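> Submitted below is the structure of interest, expressed as structure tokens.
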Amino acid sequence: MSRLRTATVPASLAVLAAFVCTLLASLAPSGRVGAQDATDPATELLQRYAPHVALRVQAEECGDGERYVPMAVDAIFGRDDVVLRDADGDVVATAPTAADLAGGGKDLWIDLPGDALDPECTYEHWFRQLDASPAIYGRVVQEGDTVVAQYWLYWVFNQWNDVHESDWEMAQVMFDAPSIEAALQSDPKQYAYAQHEGSQYAIPDDDVGNVVLVDGTHPVVYSGQGSHASYFDSTVWFGSSASTGVGCDDTSAPVHVIEPALIVLPEGNDPPTSGEFAWLSYQGRWGEQHPAFADAPTGPATKQQWEAPATWADESGRPAAVAVPFAGSPTSDAFCQLTAWGSSLFNRALDNPWLILGGSAVVLTLVALVVLRSSQGVLMRALRTTWRVRRTLAPAALVVAAGVVASHVLLWLILHLTPVGTLTDTIGESSAWVAPLVNATQALILVPMFAWGSTITLAAVRPDVVAAEGATRRSRKVRTFWVLLVLTLVFAVAVFVFWPLVLLPSRFLVAPVVASRHRGSLSGALRASSHLVGGHWLRSIGLMLTMALIASTSIAIGAVILLLTSLTFLEAGLITGGIAMFLVPYLTMVLDEYHAVLVAAHGGQEEIEVVELAPSAPAPTSA
């Protein structure tokens with residue numbers, strides 16, 4: 001009996017110990033996993049400062065917002081629809097595992113299912129099939145007297161201006177400490193977030209500077225939609241180089257913050273060639289091979305910051321990223337849109353160059369035909385006239401300049417002296433309601449001021465024709481102003497809301513000229529314009545679209561200036577404002593020249609009797 005008791009007691013204790021260990025394991029935080037012991041100082045440091053990730057909310061599948069989450073690479077291993085290929089495209093391994101990637105050379109690449117250059121929603125659908133939970137990789141690196149808690153984020157696809165399979169991003173927290181144990185007893189000296197080929201750093205002060213923290217230690221990484229570049233704040237960011245990315249990164253509200261599971265990588269700079277992290281020694285591409293920006297990235301161990309994170313932060317880092325002014329401007333908006341459109345065209349050209357080149361040639365040819373067929377010398381004659389009477393047009397140019405300045409001043413006053421600015425700071429500078437507010441504010445000043453500039457131009461350009469009393473001149477200016485204002489607003493509604501409405505302002509295209517040169521009512525000017533345009537409607541539509549194209553050149557020039565120079569948004573805006581000072585009078589002269597063409601086409605008869613008023617009888621004199 002005693003022998004039996006001696007034998008059974010240790011067995012019972014073993015069972016009990018196993019049960020307790022299992023219970024404790026089940027009670028451990030599910031959001032934290034690691035390759036190292038949880039009591040290890042490195043793991044403790046990584047857990048304490050593990051970042052949370054802010055993602056733009058996606059309201060519907062394949063819609064606006066972040067499509068992916070950072071995840072473990074294990075989710076793509078062992079799948080039959082994933083293939084490892086060599087430089088010739090031949091299959092090296094189907095459903096590759098970490099062991100298949102171990103020690104792989106630079107000529108290898110992983111082929112995920114889909115066409116990286118024409119992704120549409122393919123990769124999002126595939127990502128959803130993976131059912132991967134959010135996860136990040138962490139490791140501790142020591143460089144000199146600096147200890148770095150480094151975090152790597154793997155995304156299955158980069159769907160931004162540049163598109164490529166797989167995406168590796170990183171963020172790190174740096175400590176001025178001689179050891180990991182000393183780092184645990186100190187506060188961070190610097191945070192560094194990777195952004196495209198560069199980085200941004202933040203040095204905390206008493207109020208933690210511009211780093212958003214959760215629970216006092218976990219920095220929030222605001223991930224750019226699609227690009228996954230890491231930022232310290234929520235807004236739209238400007239980039240015009242390889243280090244900043246070319247285009248606008250969007251981390252704007254609404255966002256939701258996730259807490260990815262932490263996977264602790266093995267210690268040391270030499271990546272393992274066996275085990276679950278053998279993929280760290282793979283030097284090939286993590287996706288399809290393509291030219292330029294569409295080429296897939298290599299893994300973490302191939303990067304400078306893997307072995308020298310402090311040096312990397314010092315050499316590639318900048319203290320601030322450039323936020324696109326949420327108050328915006330046509331120039332900054334055009335920059336974001338043009339870079340996105342140009343990048344999309346470039347990606348498609350890589351995928352199907354002949355189709356894109358042929359399509360572009362057709363579009364350019366059609367635009368040239370519309371311009372040439374509709375203008376027929378009008379544009380050049382207007383240019384010569386504008387130059388000839390440039391001094392006379394100075395007041396009109398000054399009115400345009402005043403409108404540009406006034407719109408920016410009013411916007412500044414609204415954002416700094418009213419509760420609107422405080423509300424904006426609270427809910428996010430790039431919230432959905434801000435753009436309409438900004439556009440409406442600018443339009444309230446710019447549209448009337450531009451219309452008045454055109455009115456002054458028409459009144460000044462033909463003084464020999466407009467020989468009238470002062471009161472009559474003022475009434476004609478008022479009618480001209482209202483015609484221009486209405487036509488501009490209708491054209492804007494047509495462009496942004498309902499394209500068929502573009503037929504309406506084209507019918508009354510020369511009504512401002514008629515109103516400026518003849519007495520009569522507003523409706524009479526419209527009827528006279530309709531009469532003149534009759535039989536020339538297609539040409540009038542073409543000329544109106546040509547004028548719109550010319551008007552947009554100032555915005556396009558501003559976008560190019562932002563792309564190719566180091567000028568600020570304000571400086572680029574001043575340049576585009578200067579261009580508008582010329583364009584408004586010039587486009588008005590185009591209308592005047594076109595009016596002359598239409599009158600000549602009607603045999604020199606303008607049918608102005610529809611707008612002329614009968615001479616009023618002289619007022620009776622008192623006896």
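> Looking only at residues that are surrounded by fewer than 19 Cβ atoms within 10 Å (Cβ to Cβ) and farther than 23 Å from ARG139 by Cβ in the stretch 42-59, which one is modelled with the lowest pLDDT?
Per the criteria, the residue is ALA59.
> In the stretch 70-91, which residues are closer than 18 Å to GLY114 by Cα and either under 28 Å from the mean Cα position of the chain (by Cα) or not in a loop (DSSP other than H, G, I, E, B) (or both)?
VAL73, ALA75, ILE76, VAL83, LEU84, ARG85, VAL91
> Can you list the helices (runs of 4 or more DSSP H) lying wholly within the stretch 431-529 that have 3 or more residues being modelled with pLDDT under 75? Before you say what the answer is, go through the steps one by one.
Details: elements: 434-461, 470-496, 503-507, 511-517.
The helices (runs of 4 or more DSSP H) meeting that bar are 434-461, 470-496.
> Output the number of residues of the stretch 197-230 satisfying the condition of being closer than 16 Å to PRO51 by Cα and either polar (S, T, N, Q) or within 14 Å of the chain's Cα centre (by Cα) (or both).
8
Here is a yes/no grid of residues against (1) farther than 15 Å from LEU372 by Cα; (2) under 24 Å from the mean Cα position of the chain (by Cα); (3) of a type outside the set (Lys, Arg):
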site	(1), (2), (3)
LEU526	yes, no, yes
LEU532	yes, no, yes
TRP537	yes, no, yes
LEU545	no, no, yes
ALA548	no, yes, yes
THR553	yes, yes, yes
ALA559	yes, yes, yes
SER566	yes, yes, yes
GLY573	yes, yes, yes
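> Restricting to the stretch 101-130, name every residue that is surrounded by 19 or more Cβ atoms within 10 Å (Cβ to Cβ) and over 36 Å from the mean Cα position of the chain (by Cα).
The one that is surrounded by 19 or more Cβ atoms within 10 Å (Cβ to Cβ) and over 36 Å from the mean Cα position of the chain (by Cα): GLY104.
> Next up: Does the stretch 374-415 hold any residues that are outside any helix (DSSP H, G or I), closer than 16 Å to MET581 by Cα and among the polar types (S, T, N, Q), and which are they?
Keep residues of the stretch 374-415 that are outside any helix (DSSP H, G or I), which gives 376-377, 389-393.
In the following step, the residues that additionally are closer than 16 Å to MET581 by Cα were identified as 389-393.
THR392 - this is the single residue of the stretch 374-415 that is outside any helix (DSSP H, G or I), closer than 16 Å to MET581 by Cα and among the polar types (S, T, N, Q).
> Please find, within the stretch 385-406, the residue that is surrounded by the most Cβ atoms within 10 Å (Cβ to Cβ) out of those that are more than 18 Å from ALA459 (Cα to Cα) and not β-branched (Val, Ile, Thr).
GLY403
> I'm checking my understanding of the structure. Among residues of the stretch 519-538 that are surrounded by fewer than 19 Cβ atoms within 10 Å (Cβ to Cβ) and among the small types (Gly, Ala, Ser), which one is nearest to ALA459 (Cα to Cα)?
Here the answer is SER521.
> A further question follows. Which of the residues spanning the stretch 60-100 are closer than 15 Å to GLY299 by Cβ and either of a type in the set (Asp, Glu) or exposed (fewer than 14 other Cβ atoms within 10 Å of the Cβ) (or both)?
ASP74, ASP100 - these are the residues of the stretch 60-100 that are closer than 15 Å to GLY299 by Cβ and either of a type in the set (Asp, Glu) or exposed (fewer than 14 other Cβ atoms within 10 Å of the Cβ) (or both).
> Can you name the residue in the stretch 337-359 that is of a type in the set (A, V, I, L, M) and over 19 Å from the mean Cα position of the chain (by Cα) and is also farthest from GLY245 (Cα to Cα) among such residues?
LEU355
The values are calculated or read from the model by the stated rules, or taken from the named source; none is laboratory data. Since the structure is predicted, the reported quantities are computational estimates derived from the model, not experimental observations. Cβ sites come from the backbone with ideal geometry, for glycine too, and all protein chains shown count toward neighbours.
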